[in-house]
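The values are calculated or read from the model by the stated rules, or taken from the named source; none is laboratory data. Nothing here was measured: the structure is a model prediction, and the numbers come from that model. When we count neighbours, we look across all protein chains shown, and the Cβ atoms used for this are built from the backbone with ideal geometry, even at glycine.
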Amino acid sequence: MPPEQTRRTYDATGYWYGSSASERGVAVLNALRRYRAAESDMRRRTRESMKMNETDLAALRFLVRAGRKHEPVSAKLLAEHLAITSASTSVLINRLVSSGHVERLPHPTDKRGVLLRATEGTHTEVTDTLSGMHGRMITAAQQLSPDETAAVVSFLESMTAAVDVDDHALAEIALAEARAEAEAEAENALRVPSDEAAVHA
């Protein structure tokens, strides 16, 4: 008898009746990869449209969000958000000030301090560039049912936890524990004859 043919992954209704758990997992991860690739392409198009590199654009988005919330942003806070050095932050700020995207403001309580703010033109440019995409994303998310929303959020949180694990650090810890255990065993092996000699004495 010829082997039974593998069922299609999807049936006519789009449900997964004929697929294995591994096939479902691969399909989900492939969809996630496609989303990441599309988001990467979007970021590239945005950088090209605004003639900026990734770090400059990330700085502007941070300043625009902070401005909408009326939250003050210092150079130190910006550096922490971007995870770059203070020297690199100074160069970035000078570049964005020169291009007219950012302005420096005196700190209200620290005479030597300076706050950073995205200019009105930057707010308009960022909004015009990203509002359409953000609107489409919100529309897609709002189409989920409450149960679907809970499932998606739970899945993404699980994926975040999975990729946040530092496998190299875990391997280093396991190696250190193995070494410590071996050293303890060797020390015990040396101690046993000494203890036996003391008993016979």
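A compact table of results
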item	result
Test for residue 124: is it under 25 Å from the mean Cα position of the chain (by Cα), modelled with pLDDT of 85 or more and exposed (fewer than 14 other Cβ atoms within 10 Å of the Cβ)	no
Scan of region 60-109 for residues that are over 19 Å from the mean Cα position of the chain (by Cα) and among the charged types (D, E, K, R), ordered by number	68, 69, 71, 76, 95, 103, 104
Any pair with Cβ under 6 angstrom, 6 or more apart, that starts in region 124-143 at a residue that is touching a residue at least 40 places away in the same chain (Cβ under 8 Å) and ends at one that is part of a helix (DSSP H, G or I)	126/64; 129/46; 129/49
Residue match in region 79-92 (condition: surrounded by 16 or more Cβ atoms within 10 Å (Cβ to Cβ) and in contact with an Asp or Glu (Cβ under 8 Å, 6 or more places away or on another chain))	yes
Pair list, Cβ < 8 Å and 6+ apart or interchain, from region 149-170 residues that are more than 18 Å from residue 27 (Cβ to Cβ) and surrounded by 10 or more Cβ atoms within 10 Å (Cβ to Cβ) to residues that are modelled with pLDDT of 90 or more and not acidic (Asp, Glu)	149/141
Any hit, region 70-85, residues being at positive phi and free of Cβ contacts under 8 Å to residues at least 60 places away in the same chain	yes
